[in-house]
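Each remark here refers to the structure printed beneath this line.
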Amino acid sequence: MQKFEEFWSLIVLLVSNLCVLLYFSVNLEILLHLRMDADSALKESIQKLQAKWSLYLKEREEWIQDMVDKIQYLQSALSILRMTHHMLMKGSRC
């Protein structure tokens, strides 16, 4: 009778341990999926930030080039005004 009880207590212990292992296995799988989801979300966020930053830099470069063009235009217009003023001053002396 005692061996029978020992056998059943071993069976109960085995089933209990299997339940614990199954519980941890399921939890581990859930954690792995969560980590993969987090990694995926992080990669997606990084890609979005890189795209936004690239667009921002491109817009800044275009803005800077636009300002350079405007400055060159204004410098050219100023040179023309100076030459015109100089020529008018020469002409009024004659």
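FYI, it's all coordinate maths here, none of it is from the lab. Predicted model, so just to flag it, every value in this text is computed and none were measured. Note that we place each Cβ from the backbone using ideal geometry, even for glycine, and neighbour counts take in every protein chain shown.
So what is the calculated 222 nm ellipticity per residue for the chain, using -39500 (n - 2.57) for each DSSP H run with n of 4 or more, over all residues, to the nearest 500 deg cm²/dmol?
-37500 deg cm²/dmol
Using 7 Å Cα-to-Cβ label points, what is the Ile30/Met67 separation (nm, one decimal)?
Once both label points are built, they end up 5.4 nm from each other.
Fully extended, how many nm does the chain gain between Ser54 and Ile80 (0.36 nm per residue separation, minus their Cα-Cα distance)?
Roughly 5.5 nm would be gained on extension.
What does the charge add up to near Ile64, with Lys and Arg as +1, Asp and Glu as -1, over the other residues with Cβ less than 15 Å from its Cβ?
Result for the neighbourhood of Ile64: -2.
For helix 2-93, report the angle its Cα long axis makes with the longest principal axis of the Cα atoms of the chain; keep it between 0 and 90° and round to the nearest 10°.
Helix 2-93 sits roughly 0 degrees off the main axis of the chain.
In a Debye calculation with equal point scatterers on the alpha-carbon sites of the range 1-52 and no solvent, what is log10 I(q)/I(0) at q = 0.17, 0.18, 0.22, 0.28 Å⁻¹?
-0.67, -0.70, -0.80, -0.94
Would you be so kind as to identify which of Leu14, Ser40, Phe24 lies farthest towards the positive end of the dipole of the range 7-59, taking Lys and Arg as +1 and Asp and Glu as -1 on Cβ and the Cα centre as origin?
Farthest towards the positive pole: Ser40.
For Kirkwood radius over Cα pairs in Å, pick the label among [x] 16.7; [y] 21.5; [z] 13.2 that corresponds to the value derived from the coordinates.
[y]
Of the lysine pairs in the chain, how many meet both conditions: Cα atoms under 27 Å apart, and a spacing of 8 or more in sequence or different chains?
So the count works out to 5.
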